[in-house]
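We did not get these values from a lab; they are worked out from the coordinates using the rules stated. Since we're looking at a predicted model, the values are computed, not measured. Positions of Cβ are backbone-derived with ideal geometry, glycine not excepted, and every protein chain shown enters the neighbour counts.
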Amino acid sequence: MAKDLLFELGVEEMPSAYMPKALDDLSQLARKKFDEARLHFSDLKVYGTPRRLTLYISSLEENQQAALIETRGPKKAIAYDKKGRPTKAALGFARGQGVKPEDLIIKEVDGVEYIFASKEESTRPSTEILGDLLQDLVYSLVFPKSMRWAYYNTRFARPIRWILALFGEQVVELQIENIKSGRITFGHRFLGQGPLEVKKASEYFQALSENYVVLDQDERRALIWQQVQDTAQAHGGSALENSELLEEVTYLVEYPQAFFGQFSDSYLEVPPEVLTTSMIEHQRYFPVYEQGGQLMAGFIGVRNGTDYCLDLVRAGNERVIKARLEDALFFWKEDTKKPLEDMVPRLAEVLFHERLGSIMDKVERLSVLASYLGQKLALSSENRIARAAYLCKGDLVSSMVYEFPELQGIMGRYYAHKSGEEAEVSQAIFEHYLPRFAGDQLPQTHTGIVLSLSEKIDNLIGCYAIGIKPSGSQDPYALRRQALGIVNIIIDHELNLDLGQVLAQAYTGFQGIEPEQDMEVTVSEVLDFIGQRLRGVLLEKGLAYDVIDAVLSIDKSNINDIYQRVVALQQFKNEAEFADLMVVFNRSHNLSKKWHSNQVQIENLVDPSELKLLERVRLLQSELGAYIKTASYDQALHSLASLRPAVDEFFNAVMVMVEEEALKNNRLSLLKSIADLSRLIADFSKIVG
């Protein structure tokens, strides 16, 4: 008869950031281990609060399933001699598997015959397996940082304090260090009634609910957000939607109770980003906005408990936030006593990287590169770009950014505005960090676009020049994010830019640091790196991998042009004429791919079909040149496809590989010229199907 399995690991309060992954790992590992143990069940769920990780398995079978285990041994050719007698290899394998040599069977795997030992493994009661399985499950959980406690060797996110393990009504025996499993759990740390005896697995949920624990994290999350919304509406506002904050608060409490707190209107003088950062990052409060979008002088906190003495809790939180905001107001007033440009010289004292110099050195490189980019793209004005580049890092030495590093750029924009700088210059200071994360906004002002691209290109070239490159999951300088930013900005704003030239220009700014790699290698590696990110972006847009690879095989330097080619080819692939295009390319490419020349001597051509094809090809050369120059790739593809009748006529009329050398060579050159024309758009040999 199937029974429910309950396994709860009681711990001291877990870091909220660990919980989502811990629950996901617990679910996946449990499914894997129960499957390997051949223990079948109907459903598996995991739950988590700050004090517990819970695994609940419904309708777990009382006995594991029987299994026929087949173990592969050596090849048949090694296992038996020419007379069919078992060799030492076969005898040793049989002995090791506990079977008789005559019971070995032969099976073919990938065209090769092997010997197999077949054994039926008998079933065992689930109760004999569960103890070791659950213990192994605990030891398999991995956290960003683990700890040992007392004198024990076990490592876990936080010390384990109790283990509840029930299979139906029966306790599953296991022990982790000094903690033995039992039927005892605990409710809320302060509101619970102490140790709670759970007689059977199905009583567990009610026992926790009666002791102020909302076990289901999804239910707890929904309850918190509903309370936050209701509290905000009761005070005439709306709470900021922040999924990361909501997720963190979900794993900070077991029994949530939202409350509204207030602070003085005088703190609203400080930029709202400072106030919300202090509330969210330091206190885990939800900021509240008026209907018009203005920040209110209030916040919503979530208590781990009931509404008992809530006024006292509110007052305590108001005292804490007041101290935080008092510091922010002081920093704001101190920083705005002087213009932003007065902060810039201090950047010479701040190290960017020990081999790449100070931040002031970086500012000087940015100024040169941004000026070059602005001219190339015909965006903004030289004076505006120069001013924004000079000021863009100034806020890094402000008191506010020292306290709140995540406000870099944001505070620079405010300080620049307060200093009387142009609106676009102020905005560009903020935008040059964009995008900061996946899905973030992109720079919109011309100056911001130029400065953002310059910032990211300088970071990439500088790191690659001194041998700092991402490897595996390691990317301490966020170079992947920088490359993705370049790709998205260029595509979004349809910027036609020879990235190879720009990267080479950026490299010249590092000549004084003695780079480890020369310009050619560095530029090539960075182009490849950006190309990999570009491929990922295009795949995310739903474009076919073979179409992307076909275009990237031709060029990686003009991202916007690549995007336009891929889109045009993807659309053309769905048209009837695409088949004609592939016939034109394949018939010309297959014969001429090893041929070296596309120069045709007309006097060596004899058949009207090849003369007609040559004339059509020469006309097409000028047509394609015009289409490619204006990025009219759809028309270019149609023109290439229109060659099919002439190509078919050519192959029907003549044989290419004739004995006469001059004639054969000219025909190969003619076909080579068609294949080369096709490659002006894409390498169609990469197209699948």
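Quick one: which residues, 5+ away or cross-chain, put their amide H under 5 Å from the amide H of residue 303? H built at 1.01 Å from N.
Amide H neighbours of residue 303: 257, 258, 259.
For the chain, what is the calculated [θ] at 222 nm in deg cm²/dmol (nearest 500), taking -39500 (n - 2.57) for each run of four or more DSSP H residues and dividing by its residue count?
Calculated at 222 nm, the ellipticity per residue is -15000 deg cm²/dmol.
Report, by chain and number, residues whose modeled amide H sits under 5 Å from the one on residue 180, excluding near sequence neighbours (fewer than 5 apart, same chain).
HN-HN under 5 Å from residue 180: empty list.
Enter the Cα centre distance for the pair segment 329-379 and segment 11-53, rounded to the nearest angstrom.
48
How long is the gain from residue 89 to residue 140 if the chain were fully straight, where each residue apart is worth 0.36 nm and the alpha carbon distance is subtracted?
Between residue 89 and residue 140, full extension yields 14.7 nm more.
Give me the distance in nm between label points sitting 7 Å out from Cα along the Cα-to-Cβ direction at residue 178 and residue 100, one decimal.
5.7
Once each part is reduced to its C-alpha centroid, what is the distance from segment 55-110 to segment 438-502 in angstrom?
Each part's Cα centre sits 55 Å from the other's.
Taking θ = phi - 60°, what integer Hz values does the Karplus form 6.51 cos²θ - 1.76 cosθ + 1.60 yield along segment 588-601, in sequence order, with x for Gly and Pro?
Karplus values, whole Hz, x for Gly and Pro: 7, 6, 4, 7, 9, 5, 9, 8, 9, 10, 10, 8, 9, 9.
Give the residues of segment 306-326 whose amide nitrogen is closer than 12 Å to a point set 7 Å from the Cα of residue 266 in the direction of its Cβ.
Taking a point 7 Å out along Cα→Cβ of residue 266, the residues of segment 306-326 whose backbone N falls under 12 Å are 326.
So which of 45/145; 21/119; 556/672; 456/556; 338/376; 32/145 end up more than 28 Å apart, counting from Cα to Cα?
Correct reply: 21/119; 338/376.
Taking a cut-off of 21 Å between Cα atoms, list the lysines near residue 322, but don't count ones fewer than 8 places away on the same chain.
Answer for residue 322, where 21 Å is the Cα cut-off: 333, listed by chain and number.
Using 7 Å Cα-to-Cβ label points, what is the residue 511/residue 382 separation (nm, one decimal)?
Modelled inter-label distance: 2.0 nm.
In whole Hz and in residue order, list the ³J(HN,Hα) couplings for segment 204-211 that follow from phi through the Karplus curve 6.51 cos²θ - 1.76 cosθ + 1.60, θ = phi - 60°; x for Gly and Pro.
4, 5, 5, 4, 5, 4, 6, 10
For the pair residue 336 and residue 310, what calculated FRET efficiency results from E = 1/(1 + (r/R0)^6), where r is the Cβ-Cβ distance and R0 = 35 Å, to the nearest 0.05?
For R0 = 35 Å, the calculated efficiency reads 0.40.
What are the ³J(HN,Hα) values, in whole Hz, obtained from phi via the Karplus relation 6.51 cos²θ - 1.76 cosθ + 1.60 with θ = phi - 60°, for each residue of segment 438-450 in sequence order, with x given for Gly and Pro?
Couplings: 4, x, 6, 5, 9, x, 10, 6, 4, 5, x, 4, 4 Hz.
Which entry in (i) 41; (ii) 45; (iii) 62 is this structure's computed percent of Cα pairs over 38 Å apart?
(iii)
Run the quick spin-label model on residue 607 and residue 123: label points 7 Å from Cα toward the beta carbon, then report their separation in nm to one decimal.
The answer from the label model is 7.5 nm.
Percent antiparallel among DSSP beta bridges with both residues in the chain, to the nearest 5?
Taking every DSSP beta bridge within the chain, about 95 percent pair in antiparallel fashion.
Using a Förster radius of 22 Å, what is the FRET efficiency between residue 642 and residue 571 based on their Cβ-Cβ separation? Nearest 0.05, please.
Once the sixth-power term is evaluated, E becomes 0.80.
Given a Förster distance of 35 Å, report the FRET efficiency between residue 521 and residue 284 from their Cβ-Cβ distance, rounded to the nearest 0.05.
0.15
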